[in-house]
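**Q** Take a look at this one; I'll ask things after.
The values are calculated or read from the model by the stated rules, or taken from the named source; none is laboratory data. The structure presented is a predicted model; accordingly, all values stated were derived computationally and were not measured. Neighbour counts are summed over all protein chains in view; Cβ atoms, including those assigned to glycine, are modelled from backbone coordinates with ideal geometry. What goes into the accessible areas is simple: the full protein's heavy atoms, side chains included, and nothing from ligands, DNA or RNA. Shrake-Rupley method; radii C 1.70, N 1.55, O 1.52, S 1.80 Å.
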Amino acid sequence: MYVIMVYDVNEKRVAKILKIARKYLKWVQNSVLEGELSPGKYEKLKLEVSRLIDEKEDSVRFYVMDSQKVFNLETLGVEKGEDGFIF
Amino acid sequence: MESVYLFSSGTLKRKANTICLETESGRKYIPVENVMDIKVFGEVDLNKRFLEFLSQKRIPIHFFNREGYYVGTFYPREYLNSGFLILKQAEHYINQEKRMLIAREIVSRSFQNMVDFLKKRKVRADSLTRYKKKAEEASNVSELMGIEGNAREEYYSMIDSLVSDERFRIEKRTRRPPKNFANTLISFGNSLLYTTVLSLIYQTHLDPRIGYLHETNFRRFSLNLDIAELFKPAVVDRLFLNLVNTRQINEKHFDEISEGLMLNDEGKSLFVKNYEQALRETVFHKKLNRYVSMRSLIKMELHKLEKHLIGEQVFGSEE
C-alpha cells in the first residue's frame, strides 16, 4: 500500500517524529513523507509514532491508499524531495 | 520493498537509525525499513558500522565497478537458516540424476520462455523447439550447457531480426569486455538480474552457493545464475529491445574502453530506471487469479525450487 504521512506536532517533538518517519518513508517536504509500505511495516510505524506523540496537542495523519496509481499528483513550485530510489 | 541504486559519489552512513547518503549536494535519507537491497555503481565510502547496520536490517549490498561489471556482494549473516534444506540442496547436487532433473527443467523452461518471447513478436522459433527436445534427452550437465549455449546463440540471432537499427544488433555474443552496443546492454542487464535474484535468494532458506545448471565451485554464487536463466527473456531481452527500438538509448550513452565498450553513467541510470520498471510490471497469474509483479514471479520460482528440494512438489510439475 501507499502511505502519505502528514504531521503537526509540538516543536519539541518535530525532530523526533521526523527521525522515526524517515526509517519508513521518503521525505517530500516539511512535515510530509510518503512511500510504498507493507501493512506490517505500517503498523510498526504507527506504533512508534503513537509512543512518542502527546495525544492532547499533536496531530499525525496517514493517507492510506492501495497504490500510487489511485491518485494524481501535481506540484507547483519546487520539488523538494527525491524521486525514486536512484541516487 | 525497494532496490536502491547509487550512482553519485559520497558517503553511506548510519544516521538516526536509517541510511543516509552524504554527497556534495547534501544529505539524503533512505527509508531503511523499505529497502530490499542496495546496488552501488558510484564511488561510495562506507564503514563497518554501516555494514553492521545492514546486517541487522538484512539488506545485501552489491558492488559494481566503473565498467558496470559485478564486483561482489556483502551478503549479511543469514537469518533464515535451515540445516535440513542445505543437506537437501547438496543431496540434489551430488546425485547426478537429481541434479539433471533440476538442470534440465531450468534449461527447457528457459527455452520455452525464449520461444514465447519470440512468438509474441511474431518470429518463428521452430529451431528452438528442437533444442528443447535435445535438452530433454541430454545425459549430463556439460552436454546440457553446450546445448544451452548453441540455442542461445541462435536465439540472439533471431532477436537481431527484431532490432530496427542495425548498429544495435547483437551479431555475436562478446563478453568482458562486450564489443558492441547490444552486447554491452545485455551484459549489463544480465548482471543486474543476477544480483536481483541473489537478493531474493537471501530472503529464502536456499543457499546461493549451490547451483544445479551452473557448476558449484569455490568462486561464487551460482544458484542465482540458474534462476536468472528463466527470466532473461522477459526482463533483460525485452528491456533491450524496448530501449533500442524506441531509440531511448543511443551511441551517446556509451564510452569506449580498451578493446570494448561500456555504458556511461547516463546510460547506466537510464537502463536501471527501465529495469526497475520492468521488475515492477505485473502479469496475470492464472493459478493465483491475480496480478503479480515480475519480482514476485522470481520469488515464487525460488519457493518452487525449495518445495522440490524438500520433496513437497516436483519442480515444474504444476500449472
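**Q** Determine which member of the set B:F74, B:F50 is away from every other protein chain (no Cβ under 14 Å), among the aromatic types (F, W, Y), within 16 Å of B:Q203 (Cβ to Cβ) and free of Cβ contacts under 8 Å to residues at least 40 places away in the same chain.
**A** Working: B:F50 fails: within 16 Å of B:Q203 (Cβ to Cβ).
That would be B:F74, the only listed residue that is away from every other protein chain (no Cβ under 14 Å), among the aromatic types (F, W, Y), within 16 Å of B:Q203 (Cβ to Cβ) and free of Cβ contacts under 8 Å to residues at least 40 places away in the same chain.
**Q** From the set of residues in region B:3-12 that are part of a strand (DSSP E or B) and facing chain A (nearest Cβ under 9 Å), which is farthest from B:L270 (Cα to Cα)? So that I can check it myself, show each step before the final result.
**A** Kept after step one, since they are part of a strand (DSSP E or B), are these residues of region B:3-12: B:3-6, B:10-12.
Narrowing the set further to residues that are facing chain A (nearest Cβ under 9 Å) leaves B:3-6, B:10.
Working: B:S3: 15, B:V4: 14, B:Y5: 12, B:L6: 13, B:G10: 21 Å.
Here the residue is B:G10.
**Q** Here's something else I'd like to know. I'm checking my understanding of the structure. Among residues of region B:258-293 that are loosely packed, with under 13 Cβ neighbours inside 10 Å and among the hydrophobic types (A, V, I, L, M, F, W, C), which one is farthest from B:V163 (Cα to Cα)?
**A** B:L288
**Q** If you don't mind, there's one more thing I want to ask. Please go through region B:58-70 and give me each residue that is open to solvent by 40 Å² or more (accessible area, probe 1.4 Å) and either at pLDDT 90 or above or over 11 Å from B:K39 (Cβ atoms) (or both), ordered by number. Reasoning before the result, please.
**A** First, pick out the residues of region B:58-70 that are open to solvent by 40 Å² or more (accessible area, probe 1.4 Å): B:58, B:63, B:65-67, B:69-70.
Across region B:58-70, the qualifying residues are B:R58, B:F63, B:N65, B:R66, B:E67, B:Y69.
**Q** Select from region B:1-26 the residues that are open to solvent by less than 60 Å² (accessible area, probe 1.4 Å), out of contact with any Lys or Arg (no Cβ under 8 Å at 6 or more places or on another chain) and small (G, A, S) and list them in ascending order. Explain how you work it out, then say what you get.
**A** Kept after step one, since they are open to solvent by less than 60 Å² (accessible area, probe 1.4 Å), are these residues of region B:1-26: B:2-8, B:10-12, B:16, B:18-23, B:26.
Now drop any that are not out of contact with any Lys or Arg (no Cβ under 8 Å at 6 or more places or on another chain), which leaves B:2, B:8, B:10-12, B:23, B:26.
B:S8, B:G10, B:G26 - these are the residues of region B:1-26 that are open to solvent by less than 60 Å² (accessible area, probe 1.4 Å), out of contact with any Lys or Arg (no Cβ under 8 Å at 6 or more places or on another chain) and small (G, A, S).
**Q** Which count do you get for residues in region B:13-26 that are at the interface with chain A (Cβ under 10 Å from one of its Cβ atoms) and either touching a Ser or Thr at 6+ places or on another chain (Cβ under 7 Å) or assigned to a strand (DSSP E or B) (or both)?
**A** Residues meeting the conditions: 6.
**Q** Among (1) open to solvent by 30 Å² or more (accessible area, probe 1.4 Å); (2) outside any helix (DSSP H, G or I), which single condition is B:S296 missing?
**A** Of the numbered conditions (1) open to solvent by 30 Å² or more (accessible area, probe 1.4 Å); (2) outside any helix (DSSP H, G or I), the odd one out for B:S296 is (2).
**Q** Out of B:N217, B:N180, B:N224, I need the residue that is at pLDDT below 90, buried (at least 22 other Cβ atoms within 10 Å of the Cβ) and either closer than 18 Å to B:L261 by Cβ or not assigned by the TED database to the domain that holds B:I38 (or both). Which one?
**A** On the way: B:N217 fails: buried (at least 22 other Cβ atoms within 10 Å of the Cβ); B:N180 fails: buried (at least 22 other Cβ atoms within 10 Å of the Cβ).
Selected residue: B:N224, the only one of B:N217, B:N180, B:N224 that is at pLDDT below 90, buried (at least 22 other Cβ atoms within 10 Å of the Cβ) and either closer than 18 Å to B:L261 by Cβ or not assigned by the TED database to the domain that holds B:I38 (or both).
**Q** Inspect region A:34-49 for any residue being among the acidic types (D, E), within 10 Å of chain B (Cβ to nearest Cβ) and over 13 Å from the mean Cα position of the chain (by Cα) and give the result as yes or no.
**A** Within region A:34-49, none of the residues are among the acidic types (D, E), within 10 Å of chain B (Cβ to nearest Cβ) and over 13 Å from the mean Cα position of the chain (by Cα).
**Q** Condition first: closer than 24 Å to B:M1 by Cβ, free of Cβ contacts under 8 Å to residues at least 12 places away in the same chain and either open to solvent by less than 100 Å² (accessible area, probe 1.4 Å) or within 13 Å of chain B (Cβ to nearest Cβ) (or both). Can you find one or more residues in region A:3-16 that meet it?
**A** no
**Q** Filter region B:305-318 down to the residues that are assigned to a helix (DSSP H, G or I) and surrounded by 20 or more Cβ atoms within 10 Å (Cβ to Cβ) and list them by number.
**A** Taking region B:305-318 as the starting set, the residues that turn out to be assigned to a helix (DSSP H, G or I) are B:305-309.
Selection gives B:L305, B:H308, B:L309.
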